[in-house]
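What follows is a single structure, written as structure tokens, with notes after it.
Since every read-out is calculated from the coordinates, none of them should be taken as a lab result. What you see is a predicted model, and the numbers here were worked out from it, not measured in a lab. Here the Cβ positions follow ideal geometry from the backbone for every residue, glycine too, while neighbour counts run over all protein chains shown.
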Amino acid sequence: MLKQPKASRWSDSTCGMAIPGMVFLLVLWGLLTIVSAQSGATEPMGMAARQFLFAIIGAGVMAIAASIPFAVHVRARWGYALLAIGALVLLPVWGVRINGMQGWFSLGDFLLQPSEIAKPVFLLLLAVEAAKPGRPSRKNMGMMALLAAAVILPVWIQPDFGTAVVYMLTLGALLILQGADWRHVGWCAAVVSGMGVLFVLSNPYAMRRLVGFLCPDADPTGSGWHIRQFQLAIAHGHWFGAKLGQAFWSNAYLPLAYNDSAYATMAETLGLIGTLPVSAFFVLLFYFLMHEAGREDLQGEARFYLAGGALMLAIQALIHISVNVGLLPPTGLTLPFISYGGSSMIGGCLMIGIALSARRAERNTLDPKLSKRAVLAE
């Protein structure tokens, strides 16, 4: 299912430059969005300057992760998992609560969000399991579900339903790519739906968001406020935008305009036409990652990691944009590489760095044990 015809292949150097190139362009659009969202602030460039610093750190993380052989990442995955899951488990003890969610560690002036850093680790664990011999099998899928639950449950407890959904949908997508029976995929969908209903019933704020989404005019200054501000900001931007410094709604009324509402801020500033390049960059990033995942000369783990990274980024971007244009209720998800946040930027860059390492993991360059396992998996 991940195979790609040789005739459609891009050159190795083209893909190697295109993947980080798309990330770079998304970061630039993100900086513009943050400047627009803060143009009315006392220090309009302060947040953009910090995001630029996060981007530089992220670029360094990407370069280091890309330089490490993918076989080394695979062997170190349990160490990565211990750090990532350990951090998530410790959040209820030492974490900081913001907007009702205990999802950060306070490190001086920096807030670390472990659920963002855990995403590449989550992908690595599932990719190795998905590529094992004899897959798909009940034992194999059960192990993938168990590994996923170790990451998802601590995120759920925070509670961070949006991020948990991204993790769960990525798991489902990888199961489909692996060739799992549709009955098992259906069971996964039923579990996700059931957890969604349980989350809404057990968290009053989630119920209010759902009611506000379904009937925004019933409580326009309460539960319907966020939805209404999305609509007004995008309407103000129209086709060509209100221009930088004139994004009135983003500066005055739109909640978290630099983060959860980044796409609406961009739409008000640049208009519908100005948001099209961002959509194109995400599509191209997805395409190049999936293109590399389709190479038959790659190790099985590497192919699943590349595909998983493409799908996770696409899922999160689609949910964020859908929320901002009023197709889904507010979830609190960031737009990858666009929204403000050091953890999101560094976690995304780490994911891309490991993906760049994975695309070089040809079978004849791997550790013999990994090579044998990859061949058997195919």
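Quick notes on this structure:
- Between the residues 190, 225, 180, the greatest Cα displacement towards the positive end of the dipole of the chain, with unit charges on the Cβ of Lys, Arg, Asp and Glu, is found for 180.
- Separation of the range 162-211 from the range 308-368 is 18 Å, based on Cα centroids.
- Each peptide among 189-200, 145-156 gets the average number of other Cβ atoms lying within 10 Å of its residues, and from highest to lowest they stand as 145-156, 189-200.
- The angle separating the long axis of helix 368-377 from the principal Cα axis of greatest extent in the chain is about 80 degrees.
- Annotation: amide H-H contacts under 5 Å for residue 103 (H modelled 1.01 Å from N, sequence separation of 5 or more, or interchain): 96, 98.
- In terms of packing, defined here as the mean over residues of other Cβ atoms within 10 angstrom, the peptides 243-254, 72-83 line up highest first as 243-254, 72-83.
- Dipole of the range 10-377, positive direction: furthest Cα of 281, 309, 339, with charges on the beta-carbon: 309
- Per-pair calculated FRET efficiency, R0 = 25 Å: residue 325 and residue 207 via Cβ, rounded to 0.05: 0.65
- Tilt relative to the chain, helix 114-130 - C-alpha long axis, 0 to 90 degrees, to 10: 30 degrees
- Close Lys-Lys pairs in the chain, where close means Cα under 28 Å and separation is 8 or more or interchain: 16
- The slack in the chain from residue 235 to residue 110, taken as 0.36 nm per residue of separation less the alpha-carbon distance, amounts to 41.5 nm.
- On Cα atoms only, tilt of 77-94 relative to the major axis of the chain in degrees: 30 degrees
- With a Förster radius of 30 Å applied to the C-beta separation of residue 63 and residue 215, the computed FRET efficiency comes to 0.05.
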